[in-house]
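Read the figures in this text as sums done on the coordinates, not as results from a lab. Quick caveat, the model's predicted, so the values are computed rather than measured. Methodologically, a virtual Cβ is constructed for each residue, glycine included, from the backbone with ideal geometry; neighbour enumeration extends over all protein chains shown.
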Amino acid sequence: MKVKFLGTGGAFDFDAGNSSIWIEINNKKFLLDCGHTVYPALRKHNLIDDLDYILISHFHDDHVGSLCTTILHHTFFLHKPKKTKIIFPDESFKYNLNKFLSFGLGNVDEFVDFIPISETPEVKAINTFGLHVENMQSYGFIFEDENEIVAISGDLGDPEIIFSCVSRHSKKKLRIFHEMSFEHTDGVHSYYKDLFFFLDDYEIYGYHVNPEQVPADNQVPLVADHPEYLL
Ligand SMILES: [Zn+2]
Ligand SMILES: [Zn+2]
């Protein structure tokens, strides 16, 4: 499985880029989240033609800000125009995706094929409703092939749910990419010190932070410090 971040920053850390991840598994290419810095990054790395599926964790702008542009690119700028395949974890999220996209695209069905997550057995959603922002839909995701498991938290103020959803007892290699914050954020993000507890038992990489503001006592390895996870 290939895991490459297009950006590792929080909502306001534009130098680090919006947190967004390119995952290749079983010859399928997934993009998880498409914030406002993501379309330029896809263009820069020549990835936009290769993209098979988009997944969205939630509707904050740093996760959907260039989604419409990316979809329109597939229709108007590809050598072979194609509809963008967006995976949805449940009907209510699909309804909201459609509503959100209709403001930028008009007739969404002209541009987008919505694919139920059950059609991509490599990926499963973790419902984190209300655990990032009260009453807001949000999802983490687990990618699994025959050798390894990769869990990605999405924006998430609960530092425990992802760990409760993955099995440590599987013989497969397990990596967890967890969002975090260096500030106390009243449950909107996971406080970095609350992840320390899990470091003995799990291979964890932190993201959605400004790598220039790392506190001296941070113990969570950062995606931004691991070139193997960066494009
Ligand atoms: Zn975010
Ligand atoms: Zn968010």
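Structural remarks
- Among 88, 197, 163, the largest mean-square fluctuation in a Gaussian network model of the chain, built with springs joining Cα atoms closer than 10 Å, belongs to 197.
- Count Lys and Arg as plus one, Asp and Glu as minus one, and take only other residues whose Cβ is under 10 Å from that of residue 213; the net charge is then -3.
- Over the stretch 167-216: Rg over Rh, Cα atoms, Kirkwood Rh: 1.02
- Spherically averaged projected area in nm², based on the convex hull that wraps the Cα atoms of the chain: 12.1
- As computed over the stretch 79-142, the Cα convex hull volume per residue (Å³): 115
- Summarised as an ellipsoid, the stretch 34-162 has semi-axes of 24, 18, 14 Å, derived from the eigenvalues of the Cα gyration tensor scaled by 5 and square-rooted, with the largest first.
- The local environment of residue 150, defined by Cβ-Cβ distances under 14 Å, has a net charge of -1 under the rule Lys, Arg +1 and Asp, Glu -1.
- Relative counts (whole %) of C-alpha pair distances in the stretch 142-231, using bins that are 10 Å wide: 16, 52, 28, 4
- DSSP bridge pairs, the stretch 2-229: antiparallel proportion in percent, nearest 5: 45
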